[in-house]
Amino acid sequence: MQKRKSGRRKFIIQTFIGGMAAGLGCKYGYATHVLAAQPAAAKPAAVLPVVLSTWSHGIPANQAAMDVLSAGGSVLDAVEQGVRVPEADPTIESVGYGGLPDASGEVTLDACIMDSNGDAGAVAYLKNILHPISVARKVMEKTPHLMLVGDGAYKFAIDQGFEPTNLLTENANQKYEEWQASGSTYAPHANWENHDTIGLLAIDKNGDMAGACTTSGMAFKHSGRVGDSPIIGAGLFVDNEIGGATATGEGEAVMKTLGSFLIVELMRQGYTPQQACEEAVNRIVAKVKLHPHFQIGYIALNKAGQTGAYAYRPGFQYALHQDGSNTLFNTNSLKTTWNEE
Ligand code: SD4
């Protein structure tokens, strides 16, 4: 077994990496900050349990998750039951049933789930199944794989007893026809009526964590497009020793920077959840070519029950259920108006 490095050696390595990063930062006008590790015990403990999720649809999702925890259910059950609420809600145009379709008129769903023991499951480009998050959980529990996509994921879901369901509502079909009539041009469009991907993180009263992320993806996306939401490390990551993070917004930028994994690794180095979310947005700005309507939002929860949230532009909201209250908050952002490039 490998021995742990001494405290002094660890410090020297971190200082060296920090120095290298600062050097690179000079070249590209961006400094990757590396903090000295702090023992988790030094962090003040927040009230547990905590459920944290993206957007206003996070409020009912948080409630469902907290109900599971209050009844003594597992944190994995809690995150799954939480996100099943927006998945089944036909008025939400960006998750599950009622989600806006892709450019070919089909509703295609991406989802992933991660447990406190490091297990994970995912589905991508899944059609005609109401609860992709539950299929992702079955992939985790019933197969030796992490992700199933497309027809294979659908066949697996049917084998597991899921019912075929038409997910295209009248409203979503009408929006699709309007989009076609307006010229069928694709433009990434985040903050879609304050409903986007739901990412939900939870920590139970014992300090065990899990996360779930589920979406119909960017409206009118290219047929076959898969975003960040089913990609472990991009749309969602949970490490039960450290914390979890999840993303909403333009998945391509999240995937290019592996945003949720990055946030968890920054927390491992001593960043607070808030600092880590801000740094992950800064990383995108530094490394990814952005367009005028670009938007991204991250939320994070650490092992001590502390939370963070940050977005590129204003408008992103998150829902926090903690200490008896389930509240929607506006998230701070790097840009202060939508018009700033
Ligand atoms: C995706 N991140 O598919 C998801 C969807 C989303 O704003 O959150 N859109 O890229």
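Taking the criterion of being small (Gly, Ala, Ser) and modelled with pLDDT of 95 or more, the residues of segment 25-84 that qualify are Ser53, Gly58, Ala61, Ala64, Ala65, Ser70, Ala71, Gly72, Gly73, Ser74, Ala78, Gly82. Pull out all pairs, ordered by first then second residue, where Cβ-Cβ is under 7 Å, the residues are six or more apart or on different chains, the first lies in segment 232-252 and is over 29 Å from His222 (Cα atoms), and the second is of a type in the set (Ser, Thr, Tyr) and away from the ligand (no atom under 14 Å from the Cβ). Final answer for the pair search is Asn240/Ser116.
Every residue, every condition in (1) among the small types (Gly, Ala, Ser); (2) surrounded by fewer than 24 Cβ atoms within 10 Å (Cβ to Cβ); (3) touching a helix residue (DSSP H, G or I) at 6+ places or on another chain (Cβ under 8 Å), yes or no:
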residue: Arg225; (1), (2), (3): no, yes, no
residue: Gly243; (1), (2), (3): yes, no, yes
residue: Val288; (1), (2), (3): no, yes, yes
residue: Tyr312; (1), (2), (3): no, no, yes
residue: Leu320; (1), (2), (3): no, yes, yes
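Filtering segment 210-229 for residues that are within 9 Å of the ligand (Cβ to nearest atom), closer than 24 Å to Ser74 by Cβ and β-branched (Val, Ile, Thr) leaves a non-empty set. If the condition is being surrounded by fewer than 20 Cβ atoms within 10 Å (Cβ to Cβ) and either charged (D, E, K, R) or more than 14 Å from the ligand (Cβ to nearest atom) (or both), then segment 246-264 contributes Glu252, Lys256, Phe261. Only one of the listed residues (Gly243, Gly324, Gly297) is within 14 Å of the ligand (Cβ to nearest atom) and within 18 Å of Gly58 (Cβ to Cβ). That residue is Gly297.
Taking each residue of segment 264-275 that is β-branched (Val, Ile, Thr) and looking for partners that are part of a helix (DSSP H, G or I) with beta-carbon atoms closer than 9 Å, six or more apart or interchain, yields Val264/Ala276. Identification of strands (runs of 3 or more DSSP E) wholly contained in segment 50-164 with 1 or more residues that are without any contact (Cβ under 8 Å) to a residue 40 or more places away in the chain yields 120-126, 147-149.
The values are calculated or read from the model by the stated rules, or taken from the named source; none is laboratory data. Please read all numbers here as calculations on a predicted model, not as lab measurements. In this analysis, Cβ positions are derived from the backbone assuming ideal geometry, glycine residues included, and neighbour counts consider all displayed protein chains.
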